[in-house]
Structures are given as C-alpha cells and as structure tokens.
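Structure first, then comments.
The values are calculated or read from the model by the stated rules, or taken from the named source; none is laboratory data. Just so you know, these numbers come straight off a predicted model, no measurement behind them. Positions of Cβ are generated from backbone atoms using ideal geometry, with glycine treated the same way; all protein chains shown enter the neighbour counts. Only protein heavy atoms, including side chains, enter the accessible area calculation; ligands, DNA and RNA are left aside. Shrake-Rupley method; radii C 1.70, N 1.55, O 1.52, S 1.80 Å.
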Amino acid sequence: MQGDRKMLRDDQWEKIEALLPGKVGDPGRSGENNRQFVEAVLWIVRTSSPWRDLPAELGNWHTTYTRFKRWGEAGVWQEIVEAVSGDRDMEALMIDSTVVRAHQHASGAKKEGRQAIGRSRGGLTSKIHVAVDALGNPVRWLLTGGEGSDMNQGLPLIKGFQAKAILADKGYDSNVFVDYIHANGMLAVIPPKKNRLVQREYDRHLYKDRNIVERFFNRIKQFRRLATRYEKLDRNFLSFINLVFAYLWIC
C-alpha cells in the first residue's frame, strides 16, 4: 500500500496512542502494532471494502476484524472519542440527523444484539442523530432505526449541555423541547411549524449557521462505510462512527 493512502499523521497518532489497549502494564498482548491496526480499520471505513479485501500489508483481515469487534464490545472506540473531544465550543449546538441506507448484508442478524435498523420510505435504513458544537465537532450522537422521529431524540442530544443557543430545523419544534431550552437559559433557534396557531419568533440570521451540521454530515459521508451500512449489529456500526468522529476531532 502506498504511504499516502494511510490516514494518520505522526501528530495525530500521538494524540491517541496512549489511549489504546496494549500499553505497558495492560493485560493481554502487546499493542506494538496498534497503529497498523487503526490504519486498517480506517481503510475499511473509508473505502467500504469487505473485510476480506483488506490489503495484506495492513494485517490479516480476520484477525483485524476480530480485534475491531473485541474493542467495540469493550467500549474502546467510545473511550477514544470521549478522550479527544473535550475542547468544545459551546457558543451554539446544532442538531440534526442523517439517514443511512442499510445494505442487504446488514439485515437478517440473529436476535443476539440490537440492530437499530428500521423500515422507512427509503427501505431499510438507520439514522445517525448528532449534536455538533459551534466549530462543527460532534459532541453527542445516537443511532436509531430509520423510522425514528427526530423530535424524540432532540432532548437526549442536548440534555446536560449548556450552550448559548440551540439550532435545529422545524422537525424539532415542540413546546416541550423549546420550553426545556429556555428553562435552561439557552436560546431556541428553531423555525416554527406552519400549523402552529401562534408563530414563534426566532433569530433568522443565527439560524443560517445551522448549515454547520449539514456540512458535518457531508464530511462523514466521505467515509463510505458510514454512507451505507453493512454491519448487522448497531454495536459494530457505532464502533465505526466513534472511530470516524475521533478522527475528525484530531484532524
């Protein structure tokens, strides 16, 4: 594999190296090939290639997949993104969701784990619900079936955060959600639905900044394994999401 096809610069690797299993004192095998392993998983999520097509120079495909799955079960990918995402700009939070079509390989899992796949107008789909900060960095995300309502995920996306403003489209317009935002000293920048008897005012100029979350979705869809879902279990799909979000934080 050509060197320029790898994704991690030395400075990026230094930001996550100490967060990975295999350090001195950790139980189990050495983590001396952790960088190759992370590059291998990044190659998979970027290209959306089958695991069996992993280039030999990035390691054995089955060993890499098994390790990827094991780290997901142990919560390693989640720990990595949480560790690198602390420097948040809470001037505003923008929330939205994006639909990911499920490939036929993602369906038919045994009932041994959650799938977060539902049937919507586009067929079998999942939804990634995300809150990003004022710089477009992800600060919280949830995975549901594609039929899931955006409104139901609005409060879980922002609860516990303190931002100056919450920006969202009219799909999040509800009295309960808006009242929560105001009760916590934040500004609700959410266009009212047309069927409201009394139309709320909102900051139309500030609302233009909501395109930050839309641009974020454009960025993550460049990782083709997030543009189409191939994983049967939500845990494995979330592992890819966590890795990509961590990568965006260290870019």
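Quick notes on this structure:
- Residue ID - nearest to F237 (Cα to Cα), chosen from residues in the range 72-82 that are open to solvent by less than 60 Å² (accessible area, probe 1.4 Å) and in contact with a helix residue (DSSP H, G or I) (Cβ under 6 Å, 6 or more places away or on another chain): G72
- One residue from F240, F223, F217 being among the aromatic types (F, W, Y), under 23 Å from L135 (Cα atoms), touching a residue at least 12 places away in the same chain (Cβ under 8 Å) and surrounded by fewer than 20 Cβ atoms within 10 Å (Cβ to Cβ): F217
- Within the range 140-152, residues that are modelled with pLDDT under 95 sit with their Cβ atoms under 6 Å from residues that are surrounded by fewer than 19 Cβ atoms within 10 Å (Cβ to Cβ) and hydroxyl-bearing (S, T, Y), at 6+ positions apart or across chains, in these pairs: G146/S120; E147/S120; M151/S174.
- In the range 129-142, the qualifying residues are those that are touching a helix residue (DSSP H, G or I) at 6+ places or on another chain (Cβ under 7 Å) and open to solvent by 30 Å² or more (accessible area, probe 1.4 Å), and the one that is farthest from V84 (Cα to Cα) is L142.
- Taking the conditions (1) of a type in the set (S, T, N, Q); (2) open to solvent by 60 Å² or more (accessible area, probe 1.4 Å); (3) under 19 Å from the mean Cα position of the chain (by Cα) in turn, N195 satisfies each one other than (3).
- Hits in the range 1-19 - residues which are under 25 Å from R219 (Cα atoms), open to solvent by less than 80 Å² (accessible area, probe 1.4 Å) and at pLDDT 70 or above: M7, L8, D11, Q12, W13, I16, L19
- Evaluated against (1) within 24 Å of L135 (Cβ to Cβ); (2) out of contact with any Lys or Arg (no Cβ under 7 Å at 6 or more places or on another chain); (3) surrounded by 12 or more Cβ atoms within 10 Å (Cβ to Cβ); (4) at pLDDT 95 or above, V178 falls short on exactly one condition, (1).
- Among the helices (runs of 4 or more DSSP H) confined to the range 143-236, the ones with at least 2 residues that are closer than 30 Å to G75 by Cα and touching a helix residue (DSSP H, G or I) at 6+ places or on another chain (Cβ under 9 Å) are located at 150-158, 211-220, 224-227.
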